1. Hey, which of these cross-link pairs are over 21 Å Cα-Cα: Lys183/Lys241; Lys186/Lys241; Lys100/Lys241; Lys98/Lys234?
2. Multiply the residue gap between Glu127 and Lys183 by 0.36 nm, knock off their C-alpha separation, and tell me the result in nm, one decimal place.
3. Please compute the length gained on full extension between Asp155 and Ser201, using 0.36 nm multiplied by the number of residues separating them and subtracting their Cα-Cα distance.
4. Just to check I understand the Karplus step: with θ = phi - 60° and J = 6.51 cos²θ - 1.76 cosθ + 1.60, what whole-Hz values come out for the stretch 237-245, glycine and proline as x?
Amino acid sequence: MASVWSPTALSLCPRIFYPSSSSNPTGFRKQHAFSCKSSQGDGKPSCYVEEQLGTRRRGFMLELGFAAFSFPAIVSDAMAKDNDVPEGFRVYTDDENKYKILIPKGWKIGTGQPKGFNSIITAFYPETVTGSNVSILISGLGADFTRMESFGNVDAFAETLVSGLDRSWINPPGVKAKLLDCKSSKGMYYIQYTLQNPGESRRYLYEALGMASNGWVNRLFTVTGQFMEEESDKYSSEIEKMVSSFRFI
């Protein structure tokens, strides 16, 4: 059975953008940030949700470095059939929210709903204590947002997301954020970037974003996988495969 958890403070948070009104064509006035990881105690994940209105931010921001990755599984339907599931993985299916994703066997599942936010969060994380995980955030959208291009093309979306994180230009320098890659495929946006605080390890992030209706409203699905640089050999392949495998059903 999935564990139930609620948001608590966390140091690292990828940004997730939501439209606030039709008068803002870019859809980037209101911004929420979410991240989760295993805690140092019982191994259950903790998460952090941040809100930005205009130029005013509340919460913690992180920075980015350099790497070069690709999305080998984006254009191929890795789960066209359940018997295509790679060894060591299983298919997690959410029948209520109509999606499925590959997760490693043995990984735990946590679900929750942040207070004050009309969102649903599901997190997948290893049994061992680590900052590596994959999370899925589902949030309602306004009527004007009917497809991902309503946010602008993938290049503009990715640049806005990453530049909103970067604080390497201030004195003293803050979070350094760097966009590694972005592309669009089959109605989904895929973004890769890194974050790094001064004097700390680099964190790699993969994101897949897509839109689907629940019969009443359109909703934005943001799938975020993250791992620390020192854990790249252990988790990078698994997390990339998980994020790339996300499908609506």
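Here, each number is a calculation from the coordinates, and none is a lab measurement. None of the values given here were measured: they were computed from a predicted structure.
1. Lys98/Lys234
2. Working: separation 56, 0.36 × 56 = 20.16 nm, distance 3.17 nm.
Length gained between Glu127 and Lys183: 17.0 nm.
3. Numbers: separation 46, 0.36 × 46 = 16.56 nm, distance 2.65 nm.
Length gained, Asp155 through Ser201: 13.9 nm.
4. For the stretch 237-245, the Karplus curve yields 5, 4, 5, 4, 5, 4, 5, 5, 7 Hz.
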